[in-house]
Amino acid sequence: MAGLDGPQSGLPAFLLVPTDTKVAETTVYDLIGVGFGPSNLALAVAVEEYNASAGPRRVEAMFLENQPEFGWHRGMLVDGATMQVSFLKDLATVRNPTSDFSFVSYLHGTGRLIDFINHKALFPLRAQFHAYLEWAAGRLGHLVRYDARVIAVEPVLADGHVTAFDVVVAPREDGEPERRHRTRNVVLAPGLSPRLPDGVTRSERVWHSATLVPDVAATDPTTVRTAVVVGSGQSAAEAADYLHRRFPGAEVHAVFARYGYAPADDSPFANRIFDPEAVDQYFEAPEDVKQLLTAYHRNTNYSVVDGDLITDLYRRVYEEDVLGERRLFIRHASRVAEIRARREGADVDIEFLPTGKTETLAADVVVYATGYRPGDALTLLAGEADACLRDTTGQPRVGRDYRVATEQHVGAGIYLQGATEHTHGLGSTLLSNIAVRAGEILASVCEHRGSPALGAGVDAPSGDRDGRPPAPLA
Ligand code: NAP
């Protein structure tokens, strides 16, 4: 198919696409999802359920994922670690309680429903929830292409308007050439990237918690006598616990600036900050109120630890102290002043902040559990990102329906999953709201379909209040 035949004169350079651009397939999708983690998986579920009764109004969708198979934070699948979100906030239940893509349906299908009920657990093992996500992804294999690294999202022009995007997938090492897929809407869900402090680089013995499990598996435990964990969030506490168990001959030093680990606020009133209704209220709130609410409730998510794990770590420290066999050291009110990497580890200068006194540990392993940063999801749009409107802080302006506000000539839709904390609140990067959000995005795609709407202002219509896509025509 030829690229652009429409008049291009007078358009900004970033919107000019060569007319000899080739598209590998003739399908024009209604929706292409970039990234296939839980957010776009939930969207795939919503599409599948919608299409089951949509008849000719079905939504043609495809999802592209860089990984060779489904995987969600595999590097942190620590044995024994549990979810921090109720299993009822799965891929579908809150949007469609009768969905057969629910966690309960998965349990039923794998013969564990009764055992799970007897377990009286609201927060399943992360390993089991991961197996559930894999199960759902496996059932939707017809909508996904793995090993598909998206390198660009290019505009397709007609009569001076961006009517679609070509999603460009890099050539593969196995010889598969570059591929292009055309779509009227793109849903970007690139996830989060591990964050290391400035000046720190990953090495064989200096890790980020994101790869903790495979890094530990690749390390001979007899070579580890001293391990350091930096940070005081959930990942840091889980890393301290894991290293302590997996390296039984090693001292583990947990280094952080707080006086003690702070418990995650998962009390019921605070938890309402993740409700679908809270997203409405946050979205409508003035900027100063948004900042106030985020500051009040940061401790539902960031730099906090599950209370049971804090108790367990304290119990271990106390027991070791009583037995005179100390291996777990909590270096509170401290910071890593300097780290000097060696071939088999690193020398770590730890400063005790109240006194300024510094001690150097010869660490065989250092784990930075220093959190994640959201990428700029719009970078894939290359020069065309300029057509996306930004707020005064440079963040994308996003509608309630997660559609990025654009200049008027962009009629095709750009949706964001995840990178919307500044507009939709604290639940944006979490699982809490993915089922409802998926329904809202699908509803918006359906509402815009066939309409001549050029541009998507922040007041673009959102989906049904409960996040259900519009009912298909009978
Ligand atoms: P996080 O909550 O953002 O915590 C990052 C930690 O790193 C904080 O203690 C922070 O200290 C510290 N830090 C950041 N930059 C630093 C620097 N330059 N030097 C020293 N310390 C630094 O990240 P996370 O623990 O990875 O958690 C991220 C998300 O994943 C959360 O939603 C969490 O609940 C989730 N998670 C879930 C599970 C589970 O489901 N079982 C497991 C792990 C993580 P300050 O606070 O002092 O800045």
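The values are calculated or read from the model by the stated rules, or taken from the named source; none is laboratory data. Just so it is clear, the structure is predicted and the values come from calculations on it, not from any experiment. Note that we place each Cβ from the backbone using ideal geometry, even for glycine, and neighbour counts take in every protein chain shown. Heads up: the accessible areas ignore ligands, DNA and RNA and are worked out on the full protein's heavy atoms, side chains in. Shrake-Rupley method; radii C 1.70, N 1.55, O 1.52, S 1.80 Å.
With both bridge residues required to lie in the chain, what share of the DSSP beta bridges run antiparallel, to the nearest 5%? Provide the component values of the computation, followed by the final result.
Values: 36 of 69 bridges.
Percent antiparallel among DSSP bridges in the chain is about 50.
Per residue of the chain, what 222 nm ellipticity follows from adding -39500 (n - 2.57) for every DSSP H run with n ≥ 4, rounded to the nearest 500? Write out the running numbers ahead of the final one.
Values: 12 runs with 121 residues, N = 474.
Calculated at 222 nm, the ellipticity per residue is -7500 deg cm²/dmol.
Pulled fully out, how much extra length does the chain show between ARG373 and ALA295, if you take 0.36 nm times their separation in residues and subtract their Cα-Cα distance? Display every interim value, and only then the final one.
On the way: separation 78, 0.36 × 78 = 28.08 nm, distance 1.76 nm.
Once the chain is fully extended between ARG373 and ALA295, it gains 26.3 nm.
Hey, what's the Kirkwood Rh for the stretch 375-454 if you take every pair of different alpha carbons, in angstrom?
Values: mean 1/r = 0.0754 Å⁻¹.
Its Kirkwood hydrodynamic radius stands at 13.3 Å.
Simple spin-label model, 7 Å along Cα-to-Cβ: PHE123 to SER193 in nm?
3.0
Count neighbours as other Cβ atoms within 10 Å of each site's Cβ, and list the trypsin sites (Lys or Arg not before Pro) in the stretch 83-178 that are DSSP loop with at most 14 such neighbours. Intermediate results must be reported in sequence, preceding the final value.
Numbers: sites: LYS89, ARG95, ARG112, LYS120, ARG126, ARG139, ARG145, ARG149, ARG172; in loops: LYS89, ARG95, ARG112, LYS120, ARG149, ARG172.
Those that pass, being in a loop and sparsely packed, are ARG112, LYS120, ARG149, ARG172.
Quick one: go through the stretch 146-172 and flag any residue whose amide nitrogen is under 17 Å from the point 7 Å out along the Cα-to-Cβ line of ARG449.
Hits in the stretch 146-172 for ARG449 at 17 Å: 164-165.
In whole Å, how far is the Cα centre of the stretch 330-351 from that of the stretch 371-450?
Cα centres, the stretch 330-351 to the stretch 371-450: 39 Å.
If every alpha-carbon in the chain counts as one equal scatterer, what log10 I(q)/I(0) does Debye give at q = 0.06, 0.11 1/Å?
-0.31, -0.97
Can you pull the percent of the chain's accessible area that's carbon plus sulfur, 1.4 Å probe, other chains left in place?
Details: 11530 of 21780 Å².
On the chain, the fraction of accessible area on carbon and sulfur atoms equals 53 percent.
What whole-number value in Å² describes the accessible area per residue of the stretch 209-316 for a 1.4 Å probe?
Values: 5300 Å² over 108 residues.
Per residue, the stretch 209-316 has an accessible area of 49 Å².
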